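Take a look at the structure set out below.
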Amino acid sequence: MSPNKPVNIGFGNIVMSQRIVALVSNESAPIKRIIQEARERGRLIDCTHGRRTRAVIITDTDYVVVSSLLPETISVRVSFKDDIKSEGEPSERL
């Protein structure tokens with residue numbers, strides 16, 4: 001298992017990479033329901049700073065984190081953290 005790395009999800013907000021279970025777009029009705037249920041349970045963390053929600057991060061601790069960054073952008077950031085070589089050079093994928 002890779003070490004737990006911080007991932008910037010926008011506006012200086014950080015999520016630890018090992019806590020992420022799913023990273024999805026918020027466009028479907030089931031995801032909107034998950035967001036609403038998390039809000040009602042007090043388990044929603046809004047990191048959009050008033051901007052449009054584009055990514056929904058579901059954690060292993062049953063928290064739902066919403067971000068204004070695209071899911072693809074966050075995914076690249078998570079992958080980049082995991083792919084850094086021991087010499088400190090980024091992988092050739094990026």
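We did not get these values from a lab; they are worked out from the coordinates using the rules stated. The shown structure was predicted, so the numbers you read here are calculated from the model rather than taken from an experiment. In this analysis, Cβ positions are derived from the backbone assuming ideal geometry, glycine residues included, and neighbour counts consider all displayed protein chains.
Here the simple spin-label model places points 7 Å from the Cα toward Cβ, and for Arg41 and Ser79 these points are separated by 3.0 nm. Here's the picture: a label point sits 7 Å out from the Cα of Val24 along the beta-carbon direction, and within the stretch 56-76 the residues with their amide nitrogen under 12 Å of it are 56-59.
The listed peptides 27-33, 73-79, ordered by packing as a protection proxy, come out as 73-79, 27-33 (highest mean of other Cβ atoms within 10 Å first).
Inter-label distance, Thr61 to Ile14: 1.3 nm, where each label sits 7 Å from its Cα along the C-beta direction.
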